Amino acid sequence: RPHLSMNALDGLTLEGVPLNRIADVLGTPAWVYSAGTMRARLAEFTAALAGLDAQVHYAVKANDHLAVLRIFAGAGAGADVVSEGELRRARVAGIAPAHIVFSGVGKTEREIRLALAEGIAQLNVESPAELEMISAIASGMDRVARVALRINPDVDAGTHAKITTGKAENKFGIPYADAAALYAHAAGLPGVEPVGLALHIGSQILSIAPYRAAYGRAAELVRALRAQGNTVTHMDCGGGLGIGYRDDPGASPAAFAGALRAAFGGMDLKLMTEPGRWLVGPAGVLLASVILVKGSERFVVLDAAMNDLVRPAMYDAWHGIVPLAAGNAVGPAGPVDIVGPVCETGDTFARNRMLPALSAGARVAILDAGAYGAVMSSTYNARPQAPIALIDGDRWAVIRDRQLQTELWAGERIPEFLE
Ligand code: LLP
């Protein structure tokens, strides 16, 4: 984590900015993102793709803040979106329609219309029913939708069951065996132009072997389709590259690019990639304060909770937790459970973690929270959404205010018949 460092004077810093200073202004819980880290990671990912005709389409779902999208737009990335909201965010942040692809297993008619009206690059189709729907809508609008068929390669990505998407039993994609016939059928439909294939086998993938297997199967299918006289120009290779939440380095873009070269090198395909977590995960932290310590010092209760960062509760995910200042810690290291104040046992950030003893008021940073952090927050227990700050070099700015208590019920009404 090259942008995070600790020194005696400033405590934990991100891009050199003391995180305590931001917590002093915003209070806690609060998210902090590093623009420099995001740019550096996009640059590393893009550099790994050198020599391939490949584009990065950032997976907006990982972190959809407008400022984050602007950083990636400014650095030349496109976007992978899965909803009207994500499409609108990408456009507002300045990503051109020609650099947007639309994925997802259940696009609504309204979303398909919007995508066609905007003229985005491509819709990734996940079923025969959706293909017919796009054909009908596009024909009615007098447009031609460029589509890729998302195949389900039936490959085990070796990741958590809740984020595996490329096995036959998962809801995603078109069964491999059905794809060739559907592609030929698509070529004959009005309003659609099949341009290629897409696949995405899962998330937080740390081994390159499942990518090799999936891309090998996709390349085989491209060759078969071409042999049958179909035009295939695009291959959307998905995302899923994992990061090192514990002290491991995570998956390397260079190794990922190696799998792309091995499968698709020399095939004259325009490749697309959809990384999300790898680009933004390490670029964000969640700051929290200790409310109190209880149970013979065993439970450290933070003011952040599962409604802020749900990953530990939802996927048993491991996140590093470090005190913001060395001075915050009193006493020796010991195994503690770091928990939130929400009324569920699952509201636990870490179990049996070796940490210096922390007292009330001490602040900590929960690391690698830039991906699937704020985007998955809820207001459970009527807890407002936390504010967000963005650091860029020696500057920083608040990019989202803390939600007001009154905003929590702003859209609610007590009907007359209850009065
Ligand atoms: N493309 C498609 C079609 C996807 O469904 C996803 C993620 C991505 C790209 C980006 O995957 P990434 O590079 O970020 O792994 N909330 C979970 C992760 C869910 C991933 C869903 N799809 C978590 O916190 O681990």
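Rule-based calculations on the coordinates, nothing more; no lab input. Fair warning: this is a prediction, and the values are worked out from it, not measured in the lab. Virtual Cβ from ideal backbone geometry, glycine too; neighbours counted across all protein chains shown.
For the condition away from the ligand (no atom under 16 Å from the Cβ), within 16 Å of Tyr245 (Cβ to Cβ) and within 25 Å of the chain's Cα centre (by Cα), what is the one hit in Val322, Val398, Val339? Even if it seems obvious, please write down each step before you answer.
Numbers: Val398 fails: within 16 Å of Tyr245 (Cβ to Cβ); Val339 fails: within 16 Å of Tyr245 (Cβ to Cβ).
Answer to the check: Val322.
As an exercise: evaluate Arg298 against (1) within 16 Å of the ligand (Cβ to nearest atom); (2) of a type in the set (Lys, Arg); (3) over 29 Å from Ala48 (Cα atoms) and give the number of the one condition it does not meet.
The number of the failed condition is (1).
Kindly evaluate Ala374 against the criterion of being of a type in the set (Gly, Ala, Ser), surrounded by 15 or more Cβ atoms within 10 Å (Cβ to Cβ) and within 21 Å of the chain's Cα centre (by Cα). I'd like the intermediate steps shown before the answer.
Numbers: of a type in the set (Gly, Ala, Ser): yes; surrounded by 15 or more Cβ atoms within 10 Å (Cβ to Cβ): yes; within 21 Å of the chain's Cα centre (by Cα): yes.
Yes; evaluated as a whole, the condition is true for this residue.
Being within 12 Å of the ligand (Cβ to nearest atom) and either surrounded by 22 or more Cβ atoms within 10 Å (Cβ to Cβ) or of a type in the set (Lys, Arg) (or both) is the filter here, so list the residues in region 76-96 that pass it.
Residues of region 76-96 that are within 12 Å of the ligand (Cβ to nearest atom), as a first pass: 79-83, 86.
Passing the criteria: Ala79, Asp80, Val81, Glu86.
Hey, can you tell me all the residues within region 386-419 that are among the β-branched types (Val, Ile, Thr) and surrounded by fewer than 13 Cβ atoms within 10 Å (Cβ to Cβ)? Break it down into steps so the answer makes sense when it comes.
To start, the set of residues in region 386-419 that are among the β-branched types (Val, Ile, Thr) comprises 388, 391, 398-399, 406, 414.
Answer for region 386-419, where residues must be among the β-branched types (Val, Ile, Thr) and surrounded by fewer than 13 Cβ atoms within 10 Å (Cβ to Cβ): Thr406, Ile414.
Return a yes/no flag: does region 107-129 have any residue that is crowded, with 21+ Cβ neighbours inside 10 Å and closer than 16 Å to Gly276 by Cβ.
Yes, there is a match, as at least one residue in region 107-129 is crowded, with 21+ Cβ neighbours inside 10 Å and closer than 16 Å to Gly276 by Cβ.
Identify, by number, the condition in (1) away from the ligand (no atom under 16 Å from the Cβ); (2) part of a helix (DSSP H, G or I) that Val375 doesn't meet.
Single failed check for Val375: (1).
Considering only residues that are surrounded by fewer than 24 Cβ atoms within 10 Å (Cβ to Cβ) and more than 9 Å from the ligand (Cβ to nearest atom), which ones fall in region 156-173?
Going residue by residue through region 156-173, those that are surrounded by fewer than 24 Cβ atoms within 10 Å (Cβ to Cβ) are 156, 158-165, 167-172.
Once the filter is applied, which keeps residues that are surrounded by fewer than 24 Cβ atoms within 10 Å (Cβ to Cβ) and more than 9 Å from the ligand (Cβ to nearest atom), region 156-173 yields Asp156, Gly158, Ala161, Thr164, Lys167, Ala168, Glu169, Asn170, Lys171.
Return the residues of region 47-89 that are of a type in the set (S, T, N, Q) and farther than 22 Å from Ile391 by Cα; say none if nothing qualifies. Outline the logic, then answer.
The initial filter retains those residues of region 47-89 that are of a type in the set (S, T, N, Q), namely 55, 63, 83.
Within region 47-89, Gln55, Ser83 meet the criteria.
Check region 232-247 and report whether any residue there is surrounded by fewer than 20 Cβ atoms within 10 Å (Cβ to Cβ) and under 19 Å from Asn124 (Cα atoms).
Yes; the residues of region 232-247 include at least one that is surrounded by fewer than 20 Cβ atoms within 10 Å (Cβ to Cβ) and under 19 Å from Asn124 (Cα atoms).
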